[in-house]
1. Filter segment 94-124 down to the residues that are farther than 23 Å from LEU69 by Cβ and out of contact with any helix residue (DSSP H, G or I) (no Cβ under 7 Å at 6 or more places or on another chain) and list them by number.
2. Please go through segment 71-105 and pick out each residue that is in contact with a Gly (Cβ under 9 Å, 6 or more places away or on another chain), crowded, with 18+ Cβ neighbours inside 10 Å and of a type in the set (Val, Ile, Thr).
3. Has segment 110-124 got any residue that is at positive phi, surrounded by fewer than 14 Cβ atoms within 10 Å (Cβ to Cβ) and not in a helix (DSSP H, G or I)?
4. Among the residues of segment 146-167, count how many are open to solvent by less than 90 Å² (accessible area, probe 1.4 Å), at pLDDT below 85 and assigned to a helix (DSSP H, G or I).
5. Any residue in segment 134-145 that is part of a helix (DSSP H, G or I), of a type in the set (Gly, Ala, Ser) and exposed (fewer than 11 other Cβ atoms within 10 Å of the Cβ)?
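The values are calculated or read from the model by the stated rules, or taken from the named source; none is laboratory data. Everything numeric here is computed off the predicted structure, so don't read it as measured data. For neighbour counting, all protein chains shown are included, and Cβ atoms are generated from backbone atoms with ideal geometry for every residue, glycine included. Please note that ligands, DNA and RNA were not included when accessible areas were found on the heavy atoms of the full protein model with its side chains. Shrake-Rupley method; radii C 1.70, N 1.55, O 1.52, S 1.80 Å.
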Amino acid sequence: MEDILVPLFFFGAVFGFPLARRAMIHRHNLELLRARSGPAGGVAAPGTPPDDAPALALRLPEPHRLYALALLCRLQDAPATLEPHTRALLGQIRREYLPDTLRSYLNLTPAAREHLRAGGRDPEELLREQLEHLSRGVDGALRQDHGSASRLLTQGHYLRDRFEASPLDTARLDAAPRNLGTAPLQK
């Protein structure tokens, strides 16, 4: 019986432990995502619209779908260290402006499309223009965020002040070792 149990236990430990560990890590990551997504395990707080921009973008015709998804990716990949004003603007683009633009286009009826075309406006062209405006807004917001550059400069000034010796300090430090041998001993 021992001949079977020892190898079985060994192989179970060798192959089972990594699988159990991976499952625990996966569960922990899911809990973190739920905690970040808001109260009650992902349910949006009252008064906030659901995040349907990705679902709306997937319903767009092909060239606009890729443009909207790329815009969503840029908003998602924005650095977390942005200034509060910039972070708020990008959040507003993500939660309000982009979904409203996509909903407006997707809710066009055939009669509304014909009305726009009769007025000399192509609905697809209007959507492209609005997506380009949003993209320029994201570019401008990211360009205007000087917080990280300011923090880097501040850190550089601090380190220079902290670790760069002034000429007076250097002269004092150079004189100290020479005076050690010539200083009179006191009892």
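1. Within segment 94-124, THR109, PRO110, ALA111, ALA112, GLU114, HIS115, ARG117, ALA118, GLY119, GLY120, ARG121 qualify.
2. Selection gives THR86, ILE93.
3. Yes, that holds for at least one residue.
4. Final tally of qualifying residues: 4.
5. Just the residues of segment 134-145 that are part of a helix (DSSP H, G or I), to begin with: 134-144.
Now narrow it down to the ones that are of a type in the set (Gly, Ala, Ser): 135, 137, 140-141.
Then keep just the ones that are exposed (fewer than 11 other Cβ atoms within 10 Å of the Cβ); that gives none.
No - not one qualifying residue is present in segment 134-145.
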